[in-house]
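Down below is the structure, laid out as C-alpha cells.
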Amino acid sequence: MKIKKIESFVLNDKLSKSFYFSQWEYKERVCCLVKITTDNGEYGWGEGYGPANIIKAGIDFLKPILIGMNIIDNEVIWSKMYARTLDYARKGVLMASVSAIDVAIWDLKGKLLNLPVSRLLGGRHREKIKPYATGLYFSSLENPSKNYENELNQYLKKGFKAIKMKIGLGIETDLKNIHYVRKVIGNDIKLMVDANHAYSFLESIELSKKMEKYDIYWFEEPLSPEFYKQYRELKEKTTIPISSGECEYLRFGFHQLLENQSVDIIQPDICSCGGITEAKRISNLASTYGIDLIPHTWGSGLGIYVALNFMSNLEPNPTRLIDKDLYVEYDQTENKIREELILPKLKIKDGYIEVPSKPGLGIDINEEKMDSFKI
Ligand SMILES: [Mg+2]
C-alpha cells in the first residue's frame, strides 16, 4: 500500500463556441488529473481545480517526498505536503496540487479497504443529493441571454429543480436577465445567481435589494474574496442568503469567513481548498458555526463525484426527523472531457443523484479517451 508512482496529466478540449462569465472568456476546457499507483498495482484518481499546467508543476514538485509513503496515512501525507508548501502557498494554486494528490489518496484508500469514500469519512447521512444546474453563461457580450430559453428548457427536461445563472454584467443587464429567467422557469424552481466577485460593496447592496423580489436562493460571490467585513455588512442589508468560498483555501481561510460572519453558506472547492482531508476539517468548523457547506465543483467532472461522497457524510444542520435537501453543483456548460472521461455516468432521477456506492470515489477513468485530450 505504498505509493509507487504519481502521474499527472493536463487535458484540453477546444469548445465549439466560447462563452463568458463576469471575468473572462472560456475558449477551451483545460484540467489537470493525477493518477497515483501503489506497489500492489492499485490506483486512485484526483484532480486539482485551477490553472492546469501550474497544478501539474506543483504535483511534480511534491512527488519526491511522497514516493514510498503508505496511503492509509492520508493525514500524515497531507501534513508532509503542507509543510513543504507552507512558506509559499498558504493560499493559491499550489494548494490545488496538494488537493489533487489528497483526493487520489482517498480514492485509493477506499479501493484498498473496499469502501466508498463517503463511508471512510464516517458514514452516509444521505443516499441521494439534489443537483443544481450551473449554466447560463454569456454566449456573447452583445446579446448575453440569447440562448437562455433553449438552455433553461433543457435543464428542466433533465429534471433539475434548481438552476444557477451567471450575473456580473452590470446591474441593469443582470436584472433584465434575472427577470427573464424567472419568467421562463416559474416559481417552483430554485434560482441562484453568481457574480464571480464582479461588484463593489455599494453595487452589491443595490443589486441585492432589487433582486429580492425574484426569490433568489443564494447570491454567490458578490464581492471580491478579500473583503470579509464588507460581506458581513452586505449580509445584514439583504434578505437573500450570501455564499462564497470557491476562492478560499484551508481551514484557516474558511475560519476567516466564519469568524467574520461573512456568509450564510461556504463553498469550498474540494479539489483546491486542501483536498478531502482538509475539507473534512472545514466542515467541522462550519458545523461549529452552524453554517451550511455546499462545495463548488468544476473541471473534468471528477469533482462532482468527490462532492457527492463528501456531502453524503456532512453532518445534518440542524438535526431533525426529515433532513433538508442539500444541493450539489453540476456544471452543464459544454465539456467533452466531463461527458466522455468518467464512468459511470451520473443520472438524475426524480430530481436527485444517487451517492456512489462503489469503493473509493466510485469512478473509473476511460484512459483511452483520455489520450485524445492530452496536450
Ligand atoms: Mg461560483
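Every read-out reported here was derived from the displayed coordinates using simple, explicitly stated rules and does not represent laboratory data. Bear in mind that the values here come from a model prediction, so they are computed numbers and not experimental data. Note that we place each Cβ from the backbone using ideal geometry, even for glycine, and neighbour counts take in every protein chain shown.
Listed values for the stretch 106-112 are Karplus-derived 3J(HN,Hα) couplings in whole Hz (6.51 cos²θ - 1.76 cosθ + 1.60, θ = phi - 60°), namely 5, 4, 4, 4, x, 5, 5, and x replaces Gly and Pro.
Pairs of lysines in the stretch 252-374 whose Cα atoms sit within less than 23 Å of one another amount to 16, provided the residues are eight or more positions apart or on different chains.
Taking a ≥ b ≥ c as the square roots of the Cα gyration tensor eigenvalues, the chain comes out prolate, since a/c reaches at least 1.5 and a/b is larger than b/c.
Can you tell me, using C-alpha contacts under 8 Å and at least 6 residues apart, the relative contact order of the stretch 48-206 as a whole percent?
Working: 133 pairs, mean separation 26.7, N = 159.
Taking the mean separation of contacting Cα pairs over the length of the stretch 48-206, I get 17 percent.
Pop out the Kirkwood hydrodynamic radius of the stretch 308-374 from its pairwise C-alpha distances, inverse of mean 1/r, in Å to one decimal.
Roughly 14.4 Å, rounded to one decimal.
Per-residue 3J(HN,Hα) values for the stretch 20-32, derived from phi via the Karplus relation 6.51 cos²θ - 1.76 cosθ + 1.60 with θ = phi - 60°, read 10, 10, 5, 10, 7, 9, 9, 10, 8, 10, 10, 8, 10 Hz in sequence order (x marks Gly and Pro).
Charging the Cβ of each Asp and Glu at -1 and of each Lys and Arg at +1, and nothing else, the dipole of the stretch 202-277 about its Cα centre rounds to 200 debye. When only the Cβ of Lys, Arg, Asp and Glu is charged (+1, +1, -1, -1), the dipole of the chain relative to its Cα centre reaches about 560 debye. Taking 25 °C and 0.890 mPa s as the conditions, I'd like the Stokes-Einstein D for the stretch 184-332 in µm²/s, using the Kirkwood hydrodynamic radius from alpha carbon pairs. In µm²/s, the coefficient is 156.
For the chain, modelled as a GNM with alpha-carbon contacts under 10 angstrom, which of ILE105, ILE240, ILE365 fluctuates the most? Comparing ILE105, ILE240, ILE365 in a Gaussian network model of the chain, the most mobile one is ILE365.
Taking other C-beta atoms within 10 angstrom as a stand-in for reagent exposure, GLU142, GLU334 fall in the order GLU142, GLU334, fewest first.
Which aspartates and glutamates, on any chain, are close to LYS17 with Cα under 18 Å apart, when same-chain ones fewer than 8 places away are left out? Qualifying aspartates and glutamates at Cα under 18 Å: GLU25, GLU28, GLU142, GLU149, GLU151, ASP331, GLU334, GLU339.
Below 22 Å, Cα to Cα, which lysines can LYS213 reach? Residues fewer than 8 away in the same chain don't count. Candidates past the 8-residue exclusion: LYS161, LYS164, LYS166, LYS176, LYS183, LYS190, LYS235, LYS237. Restricting the stretch 296-375 to trypsin sites (Lys or Arg not before Pro) that sit in a DSSP loop and have at most 14 other Cβ atoms within 10 Å of their own Cβ leaves ARG320, LYS324, LYS345, LYS347. Computed per residue of the chain from DSSP H runs no shorter than four, each worth -39500 (n - 2.57), the mean residue ellipticity at 222 nm is -12000 deg cm²/dmol. What shape does the stretch 202-264 have by the C-alpha gyration tensor, where a ≥ b ≥ c are the square roots of the eigenvalues, rounded means a/c under 1.5, and otherwise prolate means a/b greater than b/c and oblate the rest? Because a/c hits 1.5 or more and a/b exceeds b/c, the stretch 202-264 counts as prolate.
Counted by Cβ distance under 12 Å from GLU367, the other residues give a net charge of -2, where Lys and Arg count +1 and Asp and Glu count -1. Under the rule of at least 5 residues apart or a separate chain, name every residue whose amide H is placed under 5 Å from the amide H of LYS164. The list, which skips near neighbours in sequence, is ALA133, THR134, GLY135, MET192. In the chain, a dipole from Cβ-located charges (positive for Lys and Arg, negative for Asp and Glu) runs towards its positive end, and of ASN70, SER8, GLY274 it is ASN70 whose Cα lies farthest in that direction. Counting Lys and Arg as +1 and Asp and Glu as -1 over every other residue whose Cβ lies under 12 Å from the Cβ of GLY110, the net charge comes to +2. Starting from the stretch 1-69, pick out the trypsin sites (Lys or Arg not before Pro) whose DSSP state is loop and whose Cβ has at most 16 other Cβ atoms within 10 Å. Those that pass, being in a loop and sparsely packed, number zero.
Percent relative contact order of the stretch 119-365, based on C-alpha pairs within less than 8 angstrom and at least six residues apart? Write down the numbers at each step before the final one.
Working: 425 pairs, mean separation 57.0, N = 247.
Here the relative contact order equals 23 percent.
Please sort by residue number the chymotrypsin sites (Phe, Trp or Tyr not before Pro) in the stretch 1-110 whose DSSP state is loop and whose Cβ has at most 10 other Cβ atoms within 10 Å. Don't skip to the end; give the middle numbers.
Values: sites: PHE9, PHE19, TYR20, PHE21, TRP24, TYR26, TYR43, TRP45, TYR49, PHE61, TRP78, TYR82, TYR88, TRP106; in loops: PHE21, TRP24, TYR49, TYR88.
The qualifying sites are TRP24, TYR88.
Computed on the stretch 242-294, the Cα convex hull volume stands at 58 Å³ per residue. 3J(HN,Hα) along the stretch 267-283: 10, x, 8, 5, 7, 9, 7, x, x, 5, 4, 7, 4, 4, 5, 5, 5 Hz, from the Karplus curve 6.51 cos²θ - 1.76 cosθ + 1.60 with θ = phi - 60°, whole Hz, x for Gly and Pro.
Site pair GLU368 and THR37 shows an inter-label distance of 1.9 nm when each label is modelled 7 Å from Cα along Cα→Cβ.
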